[in-house]
Amino acid sequence: MRPSGLPTPIVPTIVPPYVFEELARLSPNRWPGLAERAQGNLVAAAAVRLERVEARPTSPDVVWDATAFQWQWQFELKDEGLSWTGAGKNGPEMVVPVNETVLVKLHAQDVIHAFYVPAFFYKKDAIPGYINELWFTAEKPGTYRGQCVELCGRDHGFMPVVVEVKTKKDFDAWLAEKQQAAAVAANPTITASL
């Protein structure tokens, strides 16, 4: 017991939600729309945000499989028959179209890893024997970098995640180029058109 008479665990458990709720109530300009969405209740606002983030898309536009293993990633577009594995400074690149829903199915072969790209505000663990999913819609073309953020072993720091967001036209051209290159690699008698 503390001198105040309250057990120690109660104060750090009970006080912070009230502090954050009061901050939300006193600063409506800081978080526009918060009061309307959750009537000043920060816990309810967090639940509204979480519900929106966790809502599974009914029909994603692109589905990637991302498999993590010590200490690299393998990115696959299974429907297209394409796959990349890599590690090191840049790692393999996941290419997605802008303003389209992307579903990423996460797998792990050995230990727990995590797929995290800060610009997407989303982190999801890849767990051995379990398929975890995350989805996002990138709003601007560009290169977005992330990292495996689980301590998965000695070279954990060399598991970058690179997501390249392209316009739909550029994505389709990239996809056609990769499919053609894969077809040529699989059957050397096919010649690539220039």
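Lys and Arg at +1, Asp and Glu at -1: add these up for the other residues within a Cβ distance under 10 Å of residue 70 and post the number. List each step's numbers first, then the result.
Working: positive: 154; negative: 110, 155.
Around residue 70, the surrounding residues sum to -1.
How many percent of the accessible area of segment 83-143 is carbon or sulfur, using a 1.4 Å probe?
Values: 1490 of 2960 Å².
Carbon and sulfur: 51 percent of the exposed surface of segment 83-143.
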Task: Spatial extent of segment 104-162: Rg and Dmax, with the Cα atoms as the point set, Å - done: 11.7, 35
Open item on the list: Under 5 Å between amide hydrogens, which residues at least 5 positions from residue 112 or on another chain qualify, with H placed 1.01 Å from N in the peptide plane?
Closed with: none
Task: Surface accessible to a 1.4 Å probe, residue 122 within the full protein complex, Å² - done: 30 Å²
- [ ] Please work out how much accessible surface residue 83 shows to a 1.4 Å probe, ignoring ligands, DNA and RNA, in Å² rounded to 10.
- [x] 60 Å²
Open item on the list: Could you check the spin-label model distance between residue 78 and residue 132? Points 7 Å from the Cα along Cα→Cβ, value in nm.
Closed with: 1.8 nm
- [ ] Compute the distance in nm between two label points, each set 7 Å from the Cα along the Cα-to-Cβ direction, one at residue 185 and one at residue 99.
- [x] 3.2 nm
Task: Percent of Cα pairs exceeding the 12 Å cut-off, where the set is segment 57-119 - done: 70 percent
Task: Cβ-based net charge around residue 112, under 14 Å, with every Lys or Arg adding one and every Asp or Glu removing one - done: -1
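The values are calculated or read from the model by the stated rules, or taken from the named source; none is laboratory data. Bear in mind that the values here come from a model prediction, so they are computed numbers and not experimental data. Virtual Cβ from ideal backbone geometry, glycine too; neighbours counted across all protein chains shown. Ligands, DNA and RNA are excluded from the accessible area calculation, which covers all protein heavy atoms including side chains. Shrake-Rupley method; radii C 1.70, N 1.55, O 1.52, S 1.80 Å.
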